[in-house]
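The values are calculated or read from the model by the stated rules, or taken from the named source; none is laboratory data. The shown structure was predicted, so the numbers you read here are calculated from the model rather than taken from an experiment. Positions of Cβ are generated from backbone atoms using ideal geometry, with glycine treated the same way; all protein chains shown enter the neighbour counts. Side chains are part of the model used for accessible areas, which takes the heavy atoms of the whole protein and leaves out ligands, DNA and RNA. Shrake-Rupley method; radii C 1.70, N 1.55, O 1.52, S 1.80 Å.
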Amino acid sequence: MSHILDLTQEERQAQIVAGAERFAEEQIGPRAREFDEAGVLADDLIQDMAARGYLTANLPTEYGGLGLDPVYYGLFQQAIGKADCATRTLITVHSALCGESLLRWGNEEQKELWLPRMAKGESLAAFALSEPNVGTDAKSVETCYRKVGDTYVLNGNKKWISFGDKADLFVVIAGNDQGQVSAFLVERDFPGVTTRPLKGMLAGRATHIAMIEFDNVEVPVANLVGKEGGGFKYVVSTALDHGRYSIAWAGVSIAQEAVDHMVSYARQRKQFGKRLAEFQLIKGLIADATTETHAARALCLKAGEMRKNKAQDAVMETTMAKYFASKVAMKVATDCVQVHGGNGCISDYPAERLFREAKMLEIIEGTSQIQQEIISGYALRKYSKACKR
């Protein structure tokens, strides 16, 4: 114990990440296919991660978290995501979307009540934003609320909610008839809350994705997160920023895992009397995949440093990292399937699962096209020069 206390903050965080890498390789990776095929993330794994502090590694130690700064939290996410995308999704939703939103906008009572429970795994949290008719245009939520005395009454439906069928607590975004969008803490056992799992998913099969219905759900005034009317500008913006940072690292984790499997398969598989790794065109795929993965990681590390230092352009750097890393993950996972040939199209090999999971990253937390809109707007403001006539 004294040795741990003698460690610098940097050394302590590095040890946590190293431990997470070992845990992920030994305890998560071997079960990734099992989770994907069963469509369930095992409770014993979730509780094991909770006991290690992994569910809220980014949150302050006073609330039971591990207090990782943005750089080390990114490296931690990379370690978990490399082993299994579904497990990494739980951490993203639970600690980045919900945890960071509560930490930033929750009042003291909300933080003291929920964050320790989230850290211990006693309450899993999900972020309920997307709806059947509302995805990218998040400001136009149709789930509505009205105030009746000291209670808010919620009605509506949410869709595509990761861990929606498993969570105990929901951060719900809803609007009123005055055009205000607000955020509420809604517990699963509130009367009128029902969930229905979504099946047939391309990816995220073990992330308990669900529809959530709110039928005259009465929510105490004390469960309003932040100010009324601040649900989108503050809570959603905070959640999506932290979510995009996590997804950027998810892209790196999938890309690196795809590179690992691509290289391993190319070194072992023989065709025409030679190993695949001896063919020039295969070497080209490996070289490009390795370079692109390193480039994506560099962008994520830069974004992490900027977030750590609260730099002015940290949010924009995060957006660029998410955009680039998700595209790299898709390209590298596609090439991984290509190198595997027919074996890349069957679940006996991880390549096909990585391919499916990579595609999701170009959609969630803002599509690639929305990221292009945001990034181009930034570039048009920042980099324009006067043209000579």
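Assorted remarks:
- For segment 1-54, filtered to residues that are part of a helix (DSSP H, G or I) and of a type in the set (Ser, Thr, Tyr), the residue that is least open to solvent (accessible area, probe 1.4 Å) is 54.
- Filter result (within 16 Å of residue 162 (Cα to Cα) and either modelled with pLDDT under 95 or surrounded by fewer than 24 Cβ atoms within 10 Å (Cβ to Cβ) (or both)) within segment 98-123: 123
- Residue in segment 44-55 that is among the polar types (S, T, N, Q), free of Cβ contacts under 8 Å to residues at least 12 places away in the same chain, farther than 16 Å from residue 77 by Cα and not assigned by TED's automatic domain parsing to the domain that holds residue 163 present: no
- Hits in segment 173-194 - residues which are closer than 23 Å to residue 95 by Cα and either in contact with a Gly (Cβ under 9 Å, 6 or more places away or on another chain) or at pLDDT below 95 (or both): 173, 174, 181, 182, 183, 184, 185
- Residue in segment 13-33 that is free of Cβ contacts under 8 Å to residues at least 12 places away in the same chain and of a type in the set (S, T, N, Q) present: yes
- Evaluation of residue 322 against (1) open to solvent by less than 20 Å² (accessible area, probe 1.4 Å); (2) in a loop (DSSP other than H, G, I, E, B) (one fails), failing number: (2)
Each row is one residue, and each column tells you yes or no for (1) without any contact (Cβ under 8 Å) to a residue 12 or more places away in the chain; (2) in contact with a Leu (Cβ under 8 Å, 6 or more places away or on another chain).
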site: 110; (1), (2): no, yes
site: 127; (1), (2): no, yes
site: 133; (1), (2): yes, no
site: 153; (1), (2): no, no
site: 174; (1), (2): no, yes
site: 177; (1), (2): no, no
site: 183; (1), (2): no, yes
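- Just one of (1) modelled with pLDDT of 95 or more; (2) more than 28 Å from residue 131 (Cα to Cα); (3) surrounded by fewer than 14 Cβ atoms within 10 Å (Cβ to Cβ) fails for residue 340. It is (3).
- Matching residues in segment 341-356 - criterion: being part of a helix (DSSP H, G or I) and either out of contact with any Lys or Arg (no Cβ under 9 Å at 6 or more places or on another chain) or assigned by TED's automatic domain parsing to the domain that holds residue 28 (or both): 342, 344, 345, 351, 352, 354, 355
- Residues within segment 219-253 that are farther than 22 Å from residue 108 by Cα and either open to solvent by 50 Å² or more (accessible area, probe 1.4 Å) or not polar (S, T, N, Q) (or both), tallied: 11
- The single residue among 157, 223, 216 that is at positive phi and either in contact with a Ser or Thr (Cβ under 6 Å, 6 or more places away or on another chain) or in the same structural domain as residue 134 (by TED's automatic domain parsing) (or both) turns out to be 216.
- When 37, 26, 21 are checked against the criterion of being over 17 Å from the mean Cα position of the chain (by Cα) and either more than 16 Å from residue 257 (Cα to Cα) or of a type in the set (Val, Ile, Thr) (or both), 37 stands alone in meeting it.
- Of all positions in segment 377-385, none carries a residue that is surrounded by 13 or more Cβ atoms within 10 Å (Cβ to Cβ), without any contact (Cβ under 8 Å) to a residue 24 or more places away in the chain and part of a loop (DSSP other than H, G, I, E, B).
- Listed by position, the helices (runs of 4 or more DSSP H) inside segment 84-144 whose residues that are charged (D, E, K, R) number at least 2 are 100-105, 108-120.
- Per-region count, segment 343-368, residues crowded, with 19+ Cβ neighbours inside 10 Å and at pLDDT below 95: 3
- Considered as a group, the residues in segment 297-319 that are among the small types (Gly, Ala, Ser) and over 16 Å from the mean Cα position of the chain (by Cα) include one that is surrounded by the most Cβ atoms within 10 Å (Cβ to Cβ), and that residue is 314.
- Scanning segment 145-180 for residues that are small (Gly, Ala, Ser), outside any strand (DSSP E or B) and more than 21 Å from the chain's Cα centre (by Cα) returns 149, 179.
- The residue list 272, 214 contains one member that is over 30 Å from residue 29 (Cβ atoms) and without any contact (Cβ under 8 Å) to a residue 60 or more places away in the chain, which is 272.
- Of all residues in segment 275-329, those satisfying the criterion of being in contact (Cβ under 8 Å) with a residue 60 or more places away in the chain and either among the β-branched types (Val, Ile, Thr) or not assigned by TED's automatic domain parsing to the domain that holds residue 355 (or both) are 315, 318, 319, 328.
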